[in-house]
Structure formats: C-alpha cells, structure tokens
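Remarks on the structure that follows.
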Amino acid sequence: MRILLAEDDPAIASLVSGQLQAQGFLVDIAMQGPEVWELGETSDYAAIVLDLGLPGMDGLSILKRWRQAGMQTPVLVLTARGSWMERVDGFDAGADDYLPKPFRSEELIARLRALLRRSQARPNPVVVAGGFQLDEASRRVSFEGRQIEASPMEYRLIAYLATRKGSVVSAIELAAHVQGREDDAAKNAVEAMVTRIRRKTTPDSIQNRRGFGYLLADEQP
Ligand code: CA
C-alpha cells in the first residue's frame, strides 16, 4: 500500500518513513507544499500523512483544495502546535484524523491502520452530474454510460464541476482548483480543456454561461 508522507522536517520524515516501510508500506516523501498538492491530486495513495506547516503552500490550503476537487483519500493531519483551533480547522478542511507533535511512530501507525480499515470498508464512491459519472476509487469517467479517456487534469476539472453541480463556476476558479494558478495562461488552459472534454462527449456536456463560467446540470428535479 502506498502512502504519501508530507513532512518538511527531515528527521521526522526519515524516522516515520522507516517505521512505515518496516510495516510493509511503500512511502513517498514530499517536503514542498506545491509538490504535495500535485502528488495528492495526480497519484493514487491509500492514505496521506500531512504536516500542516509546509513551505510554499500550507497543509490546510492543500487539504481544502483536494477536498474541493473531490479527492477522497483518507488524510491524517500532523501539527506542531496541537491547539484545538488547528484541530477544528483541520477537520473542517476535510481531515479524517489528527495527531499532535511530538508523537510516537507506533501511535501514527495505529491511527493510519484504523483510517485504512475505515476507508476500505467504504463502497467505491460514484459521483453523478450532468451525464458524467466519476468513480473516485478508479478515477474513471463515463459520459452517458460510455467510458471516456480523461487526463488527470481533465478528471479534476470534471470532478470539481460535479461537486458544484447546478452552479456556475468561473474559469478562474476552475484554474485555481485544477492547476493551482489563477493567471491568464491557466484560464486559457482550462478553456482548452473544456473544449477537449466536449469533443470526447457532446458539445453541451459542459454548459457555458457566457461571461460567467461553466456548469454541469444537476439532474435532481
Ligand atoms: Ca513542518
């Protein structure tokens, strides 16, 4: 089972990853916020251990973005301070569990195993919106019953629109969630992605509200 360990303290990272590897886990270590965000979005981890204090992009912002994009991987949050405010913020942002530093590796491994048991007991979540079906576990997309090829970015774009189905989402907001940037280049890339997805489905699979943004229809009456 592959675990992402997002921790910028090299001593903690090597201690924890050593213990996890000894327990049979495959561990990827990432120390920079943007890299952590990207890996969490594009790779398939069984669980993620996320330190809140990371350089470049803080852990809470990363976690919020993951959850807003529909990412459901269980996340165990680590924090240096252990204040109840951080704990509340962490759960609000979508953390599944929380461990204050300093902690014993045994405690972390026990919590991680509990998280993995809970997530494996869950059926594969399938999100439906505007004719699209997204399988969160396999990261596959179908449109009107037919599976389509979607790149990780295209998947993220459809997943984000699906979590906001029935609401118009601006190209800039999509750029922020799909690419992590809000500049014109990112906005143009989002527009190009929408065009590609329409080509793979139908011209109005992603609807356009001129001057406002994009949306997926909410099929609920
Ligand atoms: Ca840190």
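The values are calculated or read from the model by the stated rules, or taken from the named source; none is laboratory data. All values derive from a computational prediction rather than experimental measurement. Here the Cβ is made from the backbone with ideal geometry for all residues, glycine too, and neighbour counts use every protein chain on show.
Okay, here's what the table says:
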{"read-out": "Residues satisfying the stated conditions in the range 125-138, i.e. surrounded by fewer than 16 Cβ atoms within 10 Å (Cβ to Cβ) and either in contact with a helix residue (DSSP H, G or I) (Cβ under 7 Å, 6 or more places away or on another chain) or of a type in the set (Ser, Thr, Tyr) (or both)", "value": "SER138"}
{"read-out": "Conditions (1) touching a strand residue (DSSP E or B) at 6+ places or on another chain (Cβ under 6 Å); (2) within 15 Å of the ligand (Cβ to nearest atom); (3) among the hydrophobic types (A, V, I, L, M, F, W, C); number of the one not met by LEU134", "value": "(2)"}
{"read-out": "Members of the range 183-221 found to be surrounded by fewer than 14 Cβ atoms within 10 Å (Cβ to Cβ) and assigned to a loop (DSSP other than H, G, I, E, B), listed by number", "value": "ASP183, THR202, PRO203, ASP204, ARG210, GLY211, PHE212, GLU219, GLN220, PRO221"}
{"read-out": "Test: residue in the range 161-170 that is within 25 Å of VAL77 (Cα to Cα) and modelled with pLDDT under 90", "value": "yes"}
{"read-out": "So GLU144, is it surrounded by fewer than 18 Cβ atoms within 10 Å (Cβ to Cβ), in contact (Cβ under 8 Å) with a residue 40 or more places away in the chain and within 29 Å of TYR45 (Cα to Cα)", "value": "yes"}
{"read-out": "Segments classed as helices (runs of 4 or more DSSP H), wholly inside the range 1-80, with at least 2 members that are within 15 Å of the ligand (Cβ to nearest atom), without any contact (Cβ under 8 Å) to a residue 40 or more places away in the chain and surrounded by fewer than 19 Cβ atoms within 10 Å (Cβ to Cβ)", "value": "10-22"}
{"read-out": "Single condition SER138 does not satisfy, out of (1) in contact (Cβ under 8 Å) with a residue 24 or more places away in the chain; (2) not aliphatic (A, V, I, L, M); (3) not in a helix (DSSP H, G or I)", "value": "(1)"}
